[in-house]
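Chemist: I am attaching a structure below and will ask some questions about it afterwards.
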Amino acid sequence: MSDRLTLGSLFSGSGTFELGGMLAGINPVWNSEIEPFPIMVTRRRMPRVKHYGDVSALDGAELEPVDVITFGSPCQDMSVAGRRAGLDGERSGLFHQAIRIIREMREATHGEKPRFIVWENVPGAFSSNGGRDFKAVLDNVISIKEPGAAVPAPDKGRWPHADLFLGDGWSVAYRVLDAQYWGVPQRRRRIFLVADFSSERAGDILFECPRLSGNPGQGEAPQQEAAGDSSESTGSRGVWCVNPQGSSGITITNDFTDTLMAQDHGHHPAVLAAGFNTGDSASARSTGYADELSPTIRAGAIPAALCLEQLLYNIGSFNSFAWLSGNRHAGVYETDKARTLDNGGSNPTAQQGGLAIVETYAMTMNSFIQAGKEVTPPLMARDYKDPIAVNVPFEYRVRRLMPKECARLQGFPDCWCSDLGIEEPDEAEIRFWFDVFEEHRRLVTHAKKPKTRAQIVRWIRQPHSDSAEYKLWGNGCALPCVYFVMNGIARVNG
């Protein structure tokens, strides 16, 4: 573990950069967030990651040094759907706090860490304030390594959608990635900017894809390695193999996989270590992660009993998740599609051939509607007030997307926001959440009275609401795009 890259995530939200880093072999160490529900999600899903609150109160010199800092700084003031206040806006101005933290950490580590930074934002940053805001972003990032650097503004303020800047021992690249081309049916275009302060390989991270035609090299991630003989692959403990068989269901076998079939269309077997932990039903419901271990799989336990990190590593493809659905039946995700629930909202069975593909999606956005076939418009934070509606073709009814479907549109597993509550929180847990809600009250709600102890305990026991989950996904970014970037960093570093 000591030779792995480490990561710190500012404006963590749903934990996309932390999870994308984990999948690429990068170890998330700490994150920063002020919204209570996203904090609960990341604390429960990634308990090893240390949580910090308001970025304005952080000192980069005192934070644990990390190799990679990611920051999808709030974008409302630069989005075409916002008021376009730009980097001087109250929310998007937090970008400058992230730059300050990065500078402080590099000064404290004599320029060693972080080596990489990743900034993610909406394409509206290109045109905000006539293109001057994006110039300020580039100037600030490059000046971390080259003080006083200034990037020439493009003609008529029209920034290209991809570019590369090189200097003496540093590089900065940016590129617009659209989630619909990375395995999820959602039109979600985002700028990803990567800085490499130790080499000129930022372009390799964003513009090169490994294993194209020709003679492919060895894969970077564990699931991409070539298989050895059976004894080397399975070890003495044995393995469980989850075998998705197209739309016909899922089988589970011990020590061997089912026959690979052409019609599986990329549904890869998921190999799980057979050395399951023992524990009670509560631990079986969690989705924590551990080296070479998955939590207990027990009769009656929900599908989240599968170790999330290990399952995703071994599936080996974001485009063909195969999760168990419901308590009794198996469901299958179609390759390259995040299928939706049927119009009754019930858990589909394997005998039903998985989930029905929805033909048309539509989303109301204030005074107008966007519609498209098999691809949704971008999820937005305000969707918790007016969620995306979906047309169900076989009965021609319109209903709103469920939170679980929004998770799939962002490339996340269904269970990411499930079973978060803590039935009997101890005093340390209650105190932690009291501080979280007080910080949120001071910075966001400006409510006159703090939450009572009873209110906090009640929320800890049941923190989930549909509106909170809609907001979380609307503020987030697509996991497959983040994984592409984080895997590029891991590849370049190796």
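The values are calculated or read from the model by the stated rules, or taken from the named source; none is laboratory data. These figures come from a predicted structure and were not determined experimentally. Reconstructed Cβ throughout: ideal geometry from the backbone, glycine too, with neighbour counts over all protein chains shown.
Chemist: Identify, by number, the condition in (1) within 30 Å of A24 (Cα to Cα); (2) in a helix (DSSP H, G or I); (3) not aliphatic (A, V, I, L, M) that R441 doesn't meet.
Modeler: For R441, the exception is condition (1).
Yes/no per residue for (1) closer than 19 Å to F71 by Cα; (2) surrounded by 17 or more Cβ atoms within 10 Å (Cβ to Cβ); (3) under 26 Å from the mean Cα position of the chain (by Cα):
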| residue | (1), (2), (3) |
| --- | --- |
| I117 | yes, yes, yes |
| A125 | yes, yes, yes |
| V137 | yes, yes, yes |
| S143 | yes, no, no |
| G167 | no, no, no |
| W182 | no, yes, yes |
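Chemist: Pick from I456, I422: which is surrounded by 13 or more Cβ atoms within 10 Å (Cβ to Cβ), β-branched (V, I, T) and over 30 Å from G20 (Cβ atoms)? Reasoning before the result, please.
Modeler: On the way: I422 fails: over 30 Å from G20 (Cβ atoms).
From the options I456, I422, the qualifying one is I456.
Chemist: If you don't mind, another one. Kindly indicate whether any position in the range 26-39 is touching a Cys at 6+ places or on another chain (Cβ under 9 Å) and assigned to a helix (DSSP H, G or I).
Modeler: yes
Chemist: Does H110 satisfy the criteria of being free of Cβ contacts under 8 Å to residues at least 12 places away in the same chain and of a type outside the set (S, T, Y)?
Modeler: yes
Chemist: Of the residues R175, R132, which single one is among the basic types (K, R) and part of a strand (DSSP E or B)?
Modeler: Working: R132 fails: part of a strand (DSSP E or B).
Going through R175, R132 in turn, just one is among the basic types (K, R) and part of a strand (DSSP E or B): R175.
Chemist: Would a scan of the range 87-102 turn up a residue that is in a loop (DSSP other than H, G, I, E, B), at pLDDT below 95 and on the phi > 0 side of the Ramachandran plot?
Modeler: Here is the first cut: in the range 87-102, the ones in a loop (DSSP other than H, G, I, E, B) are 89-93.
Okay, now just the ones that are also at pLDDT below 95, so 89-93.
Imposing the further condition that a residue be on the phi > 0 side of the Ramachandran plot reduces the set to none.
Scanning the range 87-102, I find no residue that is in a loop (DSSP other than H, G, I, E, B), at pLDDT below 95 and on the phi > 0 side of the Ramachandran plot, so the answer is no.
Chemist: Right, here's the next one. Checking the condition assigned by TED's automatic domain parsing to the domain that holds R100, modelled with pLDDT of 95 or more, small (G, A, S) and closer than 26 Å to S14 by Cβ, which residue from A125, A195 passes?
Modeler: A195
Chemist: Considering (1) surrounded by fewer than 15 Cβ atoms within 10 Å (Cβ to Cβ); (2) in contact with a Cys (Cβ under 7 Å, 6 or more places away or on another chain), say which one P160 fails and leave the rest.
Modeler: For P160, the failing item is (2).
Chemist: If a residue must be out of contact with any helix residue (DSSP H, G or I) (no Cβ under 9 Å at 6 or more places or on another chain) and part of a helix (DSSP H, G or I), how many such residues does the range 446-494 contain?
Modeler: Residues in the range 446-494 being out of contact with any helix residue (DSSP H, G or I) (no Cβ under 9 Å at 6 or more places or on another chain) and part of a helix (DSSP H, G or I): 4 in total.
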